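The values are calculated or read from the model by the stated rules, or taken from the named source; none is laboratory data. Bear in mind that the values here come from a model prediction, so they are computed numbers and not experimental data. Glycine gets a Cβ as well: all are built from the backbone with ideal geometry, and neighbour counts include every protein chain shown.
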Amino acid sequence: MPHSRRLFKGDFLMAHSLAQNRSVACPNCEQMVEAEIWLVIDAVERPDLLADIRNGTLRIMVCSQCGFSGEVDGPLLLYRPEDDPVLIFCPPATVLLPDDKPEEEAEEVAVEQMEELLDYLAEKVGPVWQKRWIEELALIPFLMLPVTLSDDPEAAARALTEQIMAGLEKLREENPEAYEEAVGTLGEFEEMLGSDVMAALVSPLTSVLDEFVSCGSWEESYEFVKAHPELVGEEAEDVLDAIIESAYMMEDDETADFLEEHLFLLERCREIGVQKAFAEKIGIPPDELA
Ligand SMILES: [Zn+2]
């Protein structure tokens, strides 16, 4: 008897992408609707879903009762084995907290969710998985993803702006109050599209900056900057500035302020030298720092 061939059993062939079925309430009529939410997408395995991201339709849900269409929120891990960066993560706009978690832990929960998805993908991808992909992972707001993935980011940014303008026009007719609020956000958004934010968000300096701001003390940061001279200079400052801008965009003022403090320190490093700048920050004479 020939041994069994199991190639098509289970999900061995096409199984990197992962969707979750969730019941969500229609924002218009409150009818519960079953939504399929993609959490992990392998761009090579599912070019159809990649096209949906580019068209801005990936997370669009249509209510079967009233016909309302809207976007369903959720995290997304995009795996692009043939592109750079290989991994892109879009955090959810709102973190769904388990019942026992207070609001303050939202960020922590978001990071845990991202790590879970990374673990899932690493296991599915198997031996070709590379640790450096995580170091090079790009964090990008879901809204910006079509622009990031486009071969022509400027044209995509324009198309996205037009799409938003059309949506706003509809909103103005249906809900003038929400419209006023949205216009304010859009002003910032247009500014962001016009800036170098997108280039910065995919810069290799982003992960080095991320490690820099994650240091536990200024002394530790000092050692880190000495080991990473690429952090001192206008290029790193521009990237950090863009990250700060996107934090403001996402109305995360706390993170933005925290990053501003680090940006100021890097500027001082460039102006007066690393040792003097850190001594100034810590409040000790420069020669006390090795
Ligand atoms: Zn509905």
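Do the conditions hold for V86, that is, is it in contact with a Phe, Trp or Tyr (Cβ under 9 Å, 6 or more places away or on another chain), modelled with pLDDT of 90 or more, within 26 Å of A122 (Cβ to Cβ) and surrounded by fewer than 17 Cβ atoms within 10 Å (Cβ to Cβ)?
It is false that V86 is in contact with a Phe, Trp or Tyr (Cβ under 9 Å, 6 or more places away or on another chain), modelled with pLDDT of 90 or more, within 26 Å of A122 (Cβ to Cβ) and surrounded by fewer than 17 Cβ atoms within 10 Å (Cβ to Cβ).
Working only within the range 26-44, note down all residues that are away from the ligand (no atom under 16 Å from the Cβ) and in contact (Cβ under 8 Å) with a residue 24 or more places away in the chain.
Correct list: I37, W38, L39, V40, I41, D42, A43, V44.
Would you pick out the residues in the range 45-71 that are more than 14 Å from the ligand (Cβ to nearest atom), among the aliphatic types (A, V, I, L, M) and surrounded by 15 or more Cβ atoms within 10 Å (Cβ to Cβ)?
Matches in the range 45-71: L49, L50, I53, L58.
Quick check: anything in the range 104-111 of a type outside the set (D, E) and under 22 Å from L50 (Cβ atoms)?
Scanning the range 104-111, I find no residue that is of a type outside the set (D, E) and under 22 Å from L50 (Cβ atoms), so the answer is no.
How many residues are touching a helix residue (DSSP H, G or I) at 6+ places or on another chain (Cβ under 8 Å), surrounded by fewer than 16 Cβ atoms within 10 Å (Cβ to Cβ) and either part of a helix (DSSP H, G or I) or polar (S, T, N, Q) (or both) if we restrict to the range 227-236?
Total meeting the criteria: 3.
Within the range 246-261, work out how many residues are in contact (Cβ under 8 Å) with a residue 40 or more places away in the chain and surrounded by fewer than 19 Cβ atoms within 10 Å (Cβ to Cβ).
4
G283 - would you say it is modelled with pLDDT of 90 or more, on the phi > 0 side of the Ramachandran plot and in contact with a helix residue (DSSP H, G or I) (Cβ under 9 Å, 6 or more places away or on another chain)?
No; evaluated as a whole, the condition is false for this residue.
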